[in-house]
Amino acid sequence: STNPSEISCPHILSVGIGGLGTIGLKIARALDNGEIEGLKLTAVSARDVAKAKANMADFKAPVPVVPLGELADRCDVVVECAPASAFNDVGSPAVERGRILLPISVGALLQHMDLVDRARKTGARIIVPTGALIGLDAVRAASEGKIESVRLVTRKPPLGLKGAPYLEEHNISVDGLNTAKKVFDGSARDGAKGFPANVNVAAALSLAGIGPDETRLEIWADPEVTRNTHTITVEADSARFTMTIENIPTLENPKTGQITALSVIATLRRLRAPLTAGS
């Protein structure tokens with residue numbers, strides 16, 4: 001029989017976080033607290049290095065703050081929590097080095113799908129967390145058959161949409177609304193481009209299902225909602241389903257739901273978990 005002492009321990013995965021804002025800091029704390037078995041925080045990146053170091057002052061094991069491009073040199077897993085404009089600064093090095101990349105700016109990933117082809121060559125894996133959405137496992141399963149249509153309707157408090165490029169380009173105001181106002185109706189690809197801080201969920205949904213050009217998206221500025229609300233409707237040959245999630249926004253950023261960081265933590269946990277539920 002094998003001596004237990006001769007059995008090597010599973011490799012601990014080192015994790016780097018690109019962006020230490022609302023989402024990144026919550027993930028970093030979970031890793032620092034040892035809450036995710038088999039993973040260890042190794043490095044972070046942040047625009048404000050001094051602030052990042054201050055945020056880690058109470059960590060059990062503060063880690064270096066390095067440039068975005070260096071995370072892939074230090075870590076097995078790279079979590080991208082940066083502004084969408086900096087997505088490629090995180091994603092490209094991670095893929096080139098054959099790392100596991102968890103992108104939060106999924107809308108930006110749609111603009112860099114060449115990374116998927118590179119990942120096939122380098123051995124990298126791009127794992128998109130469900131984020132602030134629901135039911136991507138059902139959509140992914142349905143896509144193994146034939147999906148006829150996928151529609152996502154997003155309703156957010158007007159403040160959560162304010163400043164989106166699409167609104168500014170089309171001179172659409174969300175100020176002083178008394179009733180809900182539809183501000184976008186189009187493809188997930190165009191929606192992700194026009195609302196980069198708001199509808200990463202649409203990009204994630206499209207990648208799980210029928211793609212960003214066929215997935216339809218409506219965005220509503222609704223003064224009557226206090227939670228970011230997403231409703232998915234899918235028609236497929238295997239099932240017909242509608243799912244709705246109401247996300248509580250973070251105190252720091254009304255554009256971000258509290259469940260987003262938790263989704264990333266759950267995704268990281270699956271990388272080393274001996275048992276996972278859901279396809």
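The values are calculated or read from the model by the stated rules, or taken from the named source; none is laboratory data. Only a predicted model underlies this, so the values are computations on that prediction, with no experimental measurement involved. Every residue, glycine as well, gets a Cβ built from its backbone with ideal geometry; the counts of neighbours run over all protein chains shown. All accessible areas refer to the heavy atoms of the entire protein, side chains included, with ligands and DNA or RNA removed. Shrake-Rupley method; radii C 1.70, N 1.55, O 1.52, S 1.80 Å.
Rg/Rh for the chain: what does it come to with C-alpha atoms and Rh from Kirkwood?
Ratio value, two decimals: 0.99.
Roll a 1.4 Å probe over the protein heavy atoms and report the accessible area of Arg97 in Å², nearest 10.
Its accessible surface works out to 110 Å², give or take rounding.
How charged is the neighbourhood of Pro212? Take every other residue with its Cβ under 14 Å from the Cβ of Pro212, and add Lys/Arg as +1 and Asp/Glu as -1.
Within the 14 Å Cβ shell, the charges total +1.
Using modelled amide H (1.01 Å from N, peptide plane; none on Pro or chain starts), what sits under 5 Å from the amide H of Leu20, excluding residues fewer than 5 places away?
Arg47
What do you reckon, how do Lys156, Lys181, Lys26 stack up by accessible area (1.4 Å probe), largest on top?
Sorted descending by solvent-accessible area, the residues read Lys26, Lys181, Lys156.
Top to bottom by accessible area (1.4 Å), largest first, where do Ser92, Ser45 land?
Ser92, Ser45
Which order do you get for Leu159, Leu275 if you rank them by accessible area with a 1.4 Å probe, largest at the top?
Of Leu159, Leu275, the descending order of accessible area is Leu275, Leu159.
Taking the Cβ of Ile265 as the center, what net charge do the other residues with Cβ under 11 Å away carry, scoring Lys and Arg +1 and Asp and Glu -1?
+3
Determine the shape class of the range 137-214: with a ≥ b ≥ c the square roots of the Cα gyration tensor eigenvalues, call it rounded for a/c under 1.5, and otherwise prolate if a/b is greater than b/c, oblate otherwise.
prolate
With contacts defined as alpha carbon pairs under 8 Å and 6 or more residues apart, what's the relative contact order of the chain in percent?
After rounding, I find 18 percent.
Going by a ≥ b ≥ c, the root eigenvalues of the Cα gyration tensor, does the range 132-279 fall in the rounded group (a/c under 1.5), the prolate group (a/b larger than b/c) or the oblate group?
Since a/c reaches 1.5 but b/c is at least a/b, the shape of the range 132-279 is classed as oblate.
Shape call for the range 218-264 from the C-alpha gyration tensor, a ≥ b ≥ c root eigenvalues: rounded (a/c under 1.5), prolate (a/b greater than b/c) or oblate?
Since a/c reaches 1.5 but b/c is at least a/b, the shape of the range 218-264 is classed as oblate.
Determine how large the accessible area of Phe87 is when every protein chain is in place; take a 1.4 Å probe and give Å² rounded to the nearest 10.
Surface open to solvent at Phe87 totals about 0 Å².
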